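Comments concern the structure below.
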Amino acid sequence: MNRLRRPVEFVKDRLGWEAMIKPIDHYAPPETTEGKSQWAYIFGFGILFSFLLQVATGIVLATNYVPSPDSAYQSIQYITDEVRFGNTIRAMHWIGASAMVILVLIHACRVFLTASYKYPREFNWISGVVLLYLTFGMALTGQLLRWDQHGVWTVVVAANFAGRVPFVGEHIAEFIMAGETVSGETLTQFYALHVFILPIAIVLLIGLHLFLVTYHGISELPRAGKPVDPETYKQEYQEYVEKHKRPYWPKGIWNELFFGGLVVIVIVSLAFLIGPRELAPPPDLTDLSAQPQPDWFIIWYYALISVKPHGYEEFFLVYLPIGFFLFLLILPLIANRGERHPSKRPFAIIGLSVVVGLFIMLTVVGLRAPWVPDYETEPLQAAELGTEEPRLLEGAMVFHERGCQYCHQIHGEGGEWGPDLTDVSSRMGSEQIAVRIVQGIGNMPAYQDILTTEEVDLLVEFLNEVDELEPD
Ligand code: HEC
């Protein structure tokens, strides 16, 4: 006995872990006034578990992945087909990412609902907001690493939006792509961000976040009519905790272990059931007609493209998200006192419902987006157009072959990403149409280096006449 205990004592004494563990003793959420444990408070732990799982599966993926444009795509195929359990591990990483995003959002909503960001926990919230954005950063950078058409174009479009930020936009866009276009450098940079920089930032911030959680203690459930007053809060909190505390070990930890375990089991089971996100075809950077289908957790942003009113792109795609981020950051600084109970904060609850509703709505719009280019669209035939005029038929061919039809409808045939062009001649003159095609605008790609002058002429002629034609 003695012999066994000695080395344990030795390690305990020299590493001092008892002193380290002790403050965590009261870390468990205090009981409610009815003596029940607080199940609303388990999501943070679920995030931690899913993050650890991401680290584990990420390491396996990274050891088999080659971050170079020539080999990235093949190395993912290799992981999927050849590496032992590779397919399942990819699936776990993909579903784990989804789980992490969902849990982070739920956790943020819960903290907002219980107003736990108020005094003295302002920095818990601020570090949490940064973690939320870092999580989205991981989601965005991860997609590019697949180096398929979806991932690459998702980033091209993101950089395109970033480019619209006033003053610094172009620099941000260049920084995101590590150059003027997506290239090998972009991939190396995203790899470094996804594998080193962002995870290290996340680990450090989780450390700060958890330290603050233990330092200030977990907020008690809000009680209506008990507003937070910085003068007296700490005192009252101490008294509350003395009455309702639960030792972390062994009572407090069970809820959290149970939930954390559940998260892992669900992720692994879904990984087996669903599998990883399928690889799209490899990217073809000269194929301007290809459009991204981003992963679901950021598709809300891309959906903004299709629902924003014309002419307000900058406001919706740049200022709104940035404004929202800044608002979240300063929220606890402008509202760190007062009532915490939801029933006493009607405007906060309405605001939250609107944000959650918008997020769900935009995600649904994004997933079913009619604006996803329609690659199946058939070229318009002479019979459909009701003309035998060879130059017009040639124009129709170019319109289809150069991918215009993926995004534009003519007489009901084609994709809906861009405006219907059937009656474009009533809106624009030939000169304007030509300029639009050559220079592009917004999400209309510039065709300067892609089309010959002859092809542009054919398109303009075709677009000028097409309204007059009588399709069957
Ligand atoms: C990736 C999808 C996409 C492709 C491919 C595409 N366009 Fe567009 N196009 C758009 C979008 C989106 C707009 C609206 C841009 C804006 O005003 O913000 C647009 C606008 C236009 C307009 C102006 C219409 C108006 O009412 O303002 C013309 C003309 C046009 N495109 C012609 C073409 C032609 C010709 C081609 C093929 C060479 C083409 N487009 C290929 C997406 C596309």
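The values are calculated or read from the model by the stated rules, or taken from the named source; none is laboratory data. Only a predicted model underlies this, so the values are computations on that prediction, with no experimental measurement involved. Because the Cβ atoms are built from the backbone with ideal geometry, glycine has one as well, and the counts that use them run over all protein chains shown. Side chains included, ligands, DNA and RNA excluded: accessible areas come from the protein's heavy atoms. Shrake-Rupley method; radii C 1.70, N 1.55, O 1.52, S 1.80 Å.
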Per-residue counts of other Cβ atoms within 10 Å, averaged by peptide: what ranking do you get for 398-408, 460-470, highest first?
398-408, 460-470
Put +1 on the Cβ of every Lys and Arg and -1 on every Asp and Glu Cβ in the range 155-253; which of ALA224, VAL182, VAL155 then has its Cα farthest towards the positive end of the dipole?
ALA224
Coarse-grained scattering of the chain at q = 0.09, 0.12, 0.14 Å⁻¹, given as base-10 log I(q)/I(0) from a Debye sum over alpha-carbon atoms
-0.75, -1.14, -1.37
Can you send over the solvent-accessible area of PHE325, 1.4 Å probe, protein chains only, in Å² to the nearest 10?
50
Folded to 0 to 90 degrees: helix 253-274 orientation relative to the chain principal axis, Cα
30
For the range 402-446 and the range 198-212, what is the separation of their Cα centres, given in Å?
48
Probe 1.4 Å - accessible area at GLU389, Å² to nearest ten
90
Gain in span if fully extended, LEU367 to PHE258, counting 0.36 nm per residue against the direct Cα distance:
36.0 nm
Which trypsin sites (Lys or Arg not before Pro) from the range 79-130 combine a DSSP loop assignment with at most 13 other Cβ atoms within 10 Å?
ARG84
Debye calculation, C-alpha points only, no solvent: report log10 I(q)/I(0) for the range 382-465 at q = 0.16, 0.24 Å⁻¹, in the same order as the q values.
-0.55, -1.38
C-alpha long axis of helix 346-367 to longest principal axis of the chain, angle in °
40
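In the range 382-465, what percent of the accessible surface is made up of carbon and sulfur (1.4 Å probe, ligands and nucleic acids excluded)? Mind dumping the intermediate values first?
Details: 2020 of 4160 Å².
Ligands and nucleic acids excluded, carbon and sulfur reach 48 percent.
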Rounded to a whole %, the carbon-and-sulfur portion of the accessible area of the range 93-196 at a 1.4 Å probe is 74
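On full extension of the chain, what length is gained from TYR133 through GLU470, given 0.36 nm per residue of separation minus the C-alpha to C-alpha distance?
Contour length minus the Cα-Cα distance gives 116.1 nm.
Tell me the per residue accessible area of the chain using a 1.4 Å probe; a whole number in Å² is fine. Working shown, then result.
Numbers: 24970 Å² over 472 residues.
Spelled out: the 1.4 Å probe surface of the chain, per residue, equals 53 Å².
For GLU389 and PHE272 in the same chain, what is the full-extension length gain: residue separation times 0.36 nm, less their Cα-Cα distance, in nm? Please report the intermediate quantities before stating the final value.
Values: separation 117, 0.36 × 117 = 42.12 nm, distance 5.66 nm.
Working it through step by step, the gained length comes to 36.5 nm.
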Calculate how steeply helix 198-216 sits against the longest principal axis of the alpha-carbon atoms of the chain, using the helix alpha-carbon long axis, and give the answer as 0 to 90 degrees to the nearest 10.
40
Please give, to one decimal in nm, the separation of the simple spin-label points placed at LEU208 and ASP420, each 7 Å out from Cα toward the Cβ.
5.2
